[in-house]
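First the structure, in the form of structure tokens, and then the observations on it.
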Amino acid sequence: MEKVDESYKVPNLEKGIAVLEYLSLRSAGETLQDIKSALDISQTTAYRILNTLVRLEYLNFSEDTKRYKLSRKLLTLGFRSLNEHNLLETVLPHLRDLRDQVKETACFGVLGDEKGIFIEQERRLWLICRRRCEIVTCPT
């Protein structure tokens, strides 16, 4: 790996990433006070970072609890960084095993803030005949 030149670092970007990493370990979210104390940053800096991350939709803020939580936008970025073909190669055997165990269609997808996106599905292979109570394989 190439040596990193410390003279080109961006301290506030490092603090913003520290906020994301900190919140990734706290599913219930944290308040501004908790975040600034845990990361040892000023209230003004913490507020600006949190406000920016909310505006860019990387964080959600609850008016009721005054807590900041990660949004699913980071998950979307993570999936974009993967080669979709390799991801499906990894997921498909498990999806088929699940389908075979539950004898129902198994789906793989991603939850967004308001809706889910199906990436792949493995349709069920069995029909249940109610009259004879037997399981038969469906023709493909």
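A few notes on this one:
- Cα lying deepest toward the dipole's positive end in segment 10-79, options 38, 13, 61, charges on Cβ: 61
- R0 of 25 Å, Cβ-Cβ distance residue 12-residue 79: FRET efficiency to nearest 0.05: 0.40
- Segment 35-112, dipole about Cα centre (Lys/Arg Cβ +1, Asp/Glu Cβ -1), debye to the nearest 20: 340
- In Hz, Karplus ³J(HN,Hα) per residue of segment 7-22 (6.51, -1.76, 1.60; θ = phi - 60°; x = Gly, Pro): 6, 10, 7, 10, x, 5, 5, 4, 5, x, 5, 4, 4, 4, 5, 4
- Cα-based shape type of segment 1-119, given that a ≥ b ≥ c are square roots of the gyration tensor eigenvalues and the cut on a/c is 1.5: oblate
- Gain upon complete extension [residue 5, residue 42; 0.36 nm per residue less C-alpha separation]: 10.7 nm
- Under 20 Å of direct C-alpha separation, and excluding same-chain neighbours fewer than eight residues apart, residue 36 reaches these lysines: 15, 66, 69.
- Amide proton proximity set for residue 67, modelled H, under 5 Å, gap of 5+: 62
- Per-residue Cβ neighbour counts within 10 Å put 14, 30, 104 in the sequence 14, 104, 30, beginning with the fewest.
- Modelled label positions at residue 107 and residue 22, each set 7 Å beyond Cα in the direction of Cβ, lie 3.8 nm from each other.
Taken together, the values in this text are just the output of simple stated rules run on the coordinates, not laboratory data. If you're wondering where the values come from, they're calculated on a predicted model, not measured in any experiment. Methodologically, a virtual Cβ is constructed for each residue, glycine included, from the backbone with ideal geometry; neighbour enumeration extends over all protein chains shown.
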